[in-house]
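Structure first, commentary second.
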Amino acid sequence: GENVEQHPSTLSVQEGDSAVIKCTYSDSASNYFPWYKQELGKRPQLIIDIRSNVGEKKDQRIAVTLNKTAKHFSLHITETQPEDSAVYFCAASTSGTYKYIFGTGTRLKVLA
Amino acid sequence: KAGVTQTPRYLIKTRGQQVTLSCSPISGHRSVSWYQQTPGQGLQFLFEYFSETQRNKGNFPGRFSGRQFSNSRSEMNVSTLELGDSALYLCASSLEASGNTIYFGEGSWLTVV
């Protein structure tokens, strides 16, 4: 069945360092890959997304890369700050549907 | 523009009872989807509605149901509540023209005792 694996489950980095979170999806029909940030007690918020016709997308300190052949996509956060501490979820979806398959989440801690 | 609004935000129910949760999408959004979030299972898709029609359904028992009204507002219902139904229920809405992007509400925290 459809599945998205996400690693690592927890990640601690020093402020200013980079953080990388990786996801692998199983459904070849998936062509939309959003990333959400969820702070404690709050709703998931979209931080960046990528579609399958693009290999990389960047937005300031955040970037996402996609390898369709390997069915991998990754989130890269550079120059991490304490406010980046949260749980990050990757997801995979297919055009025309709003059914997202989410990864299990990565708890990122940025140590000051 | 107001975001996705969910009510109630917090509720406590007893096993065997039923519950109805409400969701008002962002103005102009016609697609509404529902997700269950638990520490053990993460974020799981429940169902998605567009123009009052269910377009997709996740792997949940028939006790979980939903509907959408002509103004795009949506409700989900869980009957015969079980302890394991305790979760954060998130509603999300989408504007068709935005592709697949969905925007979440703050959620309804359900505790079953």
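The values are calculated or read from the model by the stated rules, or taken from the named source; none is laboratory data. Quantities reported herein were computed from a predicted structural model and do not represent experimental measurements. Counting neighbours? That spans all protein chains shown, and the Cβs are built from the backbone with ideal geometry, glycine included.
Worth pointing out:
- Being at pLDDT 95 or above, over 13 Å from the mean Cα position of the chain (by Cα) and among the aliphatic types (A, V, I, L, M) is a property that B:LEU81 has.
- Failed condition for A:SER52, given (1) within 13 Å of the chain's Cα centre (by Cα); (2) within 14 Å of chain B (Cβ to nearest Cβ); (3) not acidic (Asp, Glu): (1)
- Of the residues making up segment A:91-112, those that are over 19 Å from B:GLN44 (Cβ atoms) and part of a strand (DSSP E or B) are A:LEU108, A:LYS109, A:VAL110, A:LEU111.
- Every residue from segment A:52-73 that is closer than 23 Å to A:GLN14 by Cβ and in contact with a Leu (Cβ under 8 Å, 6 or more places away or on another chain): A:ILE62, A:ALA63, A:VAL64
- Test: A:ARG61 is under 22 Å from B:PHE104 (Cα atoms), more than 10 Å from the chain's Cα centre (by Cα) and without any contact (Cβ under 8 Å) to a residue 40 or more places away in the chain: no
- Candidates B:THR14, B:THR38, B:THR7, filtered to the one that is surrounded by fewer than 22 Cβ atoms within 10 Å (Cβ to Cβ), out of contact with any strand residue (DSSP E or B) (no Cβ under 6 Å at 6 or more places or on another chain) and on the phi < 0 side of the Ramachandran plot: B:THR14
- Segment B:1-60 holds strands (runs of 3 or more DSSP E) entirely within its bounds, and those carrying 2 or more residues that are more than 12 Å from every other protein chain (Cβ to nearest Cβ) and among the polar types (S, T, N, Q) map to B:19-24.
- Wholly enclosed strands (runs of 3 or more DSSP E) of segment A:1-90 bearing at least 3 residues aromatic (Phe, Trp, Tyr): A:32-38
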